[in-house]
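These notes are about the structure you will find just below.
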Amino acid sequence: MAILDILVYPDSRLRTRAEPVDRLDPSIVKLIDDMAETMYAAPGIGLAATQVNVHKRVVVIDISETKDQLQAFVNPVLVGSGDQIETDEGCLSVPGAIVPVWRFSEVHVSALDQSGQPFEIHASGLLSICIQHEVDHLDGKVFVDYLSQLKRDRIRKRLVREFTSSEHSIPQKSENSIAS
Ligand code: NI
């Protein structure tokens, strides 16, 4: 396993729309392992392949306190339901920013697991929010897109100042343990 570099906003590669996985071959299994290790090390509760510059529709999530409930979603398809709720979110690609985002309170997800088996879940609460956040990444969206231009520019300028002077990856621990 390996810890991968996480792209930081406003890196334009975060805007890439990820392609579906055709075949769950060993390279995808390794990607899932590496993404899980990267997510746990950050630490975060979710990571989309887009964030590690792999443009395949793969997401890993673990919202458990014990960090032993890894869930992999390959080619996830979402249908939102329930109310619209506003929650403060963090993102490993936007370090230091906590942003209120409106999402569906519930979501129905169909996907493949890490062994290529199809499964479906109905998620609510934090898991629902996290899945919607990660699938946005796969579609080239970053949660700052939901902010006003003024607030988005402020975050962009800060991150450009902090990160692009030397390199684009995040070498340090995230301050926000519920980032994804
Ligand atoms: Ni994120």
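The values are calculated or read from the model by the stated rules, or taken from the named source; none is laboratory data. Predicted model only: the values in this text are computed from it and were never measured. Every residue, glycine among them, receives a Cβ derived from its backbone with ideal geometry; neighbour counts consider all protein chains shown. Just the protein is used for accessible areas: all its heavy atoms, side chains included, with ligands, DNA and RNA removed. Shrake-Rupley method; radii C 1.70, N 1.55, O 1.52, S 1.80 Å.
Residues in segment 5-27 that are in contact with a Lys or Arg (Cβ under 7 Å, 6 or more places away or on another chain) and without any contact (Cβ under 8 Å) to a residue 60 or more places away in the chain: GLU19, PRO20.
Take the conditions within 12 Å of the ligand (Cβ to nearest atom), among the hydrophobic types (A, V, I, L, M, F, W, C), within 30 Å of SER27 (Cα to Cα) and modelled with pLDDT of 95 or more and apply them to ILE121. Does it pass?
Values: within 12 Å of the ligand (Cβ to nearest atom): no; among the hydrophobic types (A, V, I, L, M, F, W, C): yes; within 30 Å of SER27 (Cα to Cα): yes; modelled with pLDDT of 95 or more: yes.
So ILE121 does not fit the description; no.
Taken over segment 73-93, the criterion of being in a loop (DSSP other than H, G, I, E, B) and touching a helix residue (DSSP H, G or I) at 6+ places or on another chain (Cβ under 6 Å) is satisfied by CYS91, SER93. Once segment 6-30 is narrowed to residues that are β-branched (Val, Ile, Thr) and closer than 11 Å to LYS56 by Cα, the residue that is most open to solvent (accessible area, probe 1.4 Å) is THR16. Taken over segment 72-124, the criterion of being under 20 Å from ASP33 (Cα atoms), exposed (fewer than 14 other Cβ atoms within 10 Å of the Cβ) and either of a type in the set (Ser, Thr, Tyr) or under 15 Å from the mean Cα position of the chain (by Cα) (or both) is satisfied by SER115 alone. Residue count for segment 79-118 under the criterion of being away from the ligand (no atom under 16 Å from the Cβ), polar (S, T, N, Q) and in contact (Cβ under 8 Å) with a residue 40 or more places away in the chain: the result is 2.
What is the residue count in segment 1-38 for residues that are over 18 Å from HIS137 (Cα atoms) and assigned to a helix (DSSP H, G or I)?
Filtering segment 1-38 down to residues over 18 Å from HIS137 (Cα atoms) leaves 1-3, 22-27, 29-30, 33, 37.
Narrowing further to those that are assigned to a helix (DSSP H, G or I): 26-27, 29-30, 33, 37.
The total comes to 6.
Any idea which residue in segment 50-64 is nearest to ARG17 (Cα to Cα), counting only those that are open to solvent by less than 10 Å² (accessible area, probe 1.4 Å) and not acidic (Asp, Glu)? Outline the logic, then answer.
Keep residues of segment 50-64 that are open to solvent by less than 10 Å² (accessible area, probe 1.4 Å), which gives 50-51, 58-62.
Those left that are additionally not acidic (Asp, Glu): 50-51, 58-61.
Working: THR50: 8, GLN51: 11, VAL58: 12, VAL59: 14, VAL60: 17, ILE61: 19 Å.
Ranking the candidates gives THR50 first.
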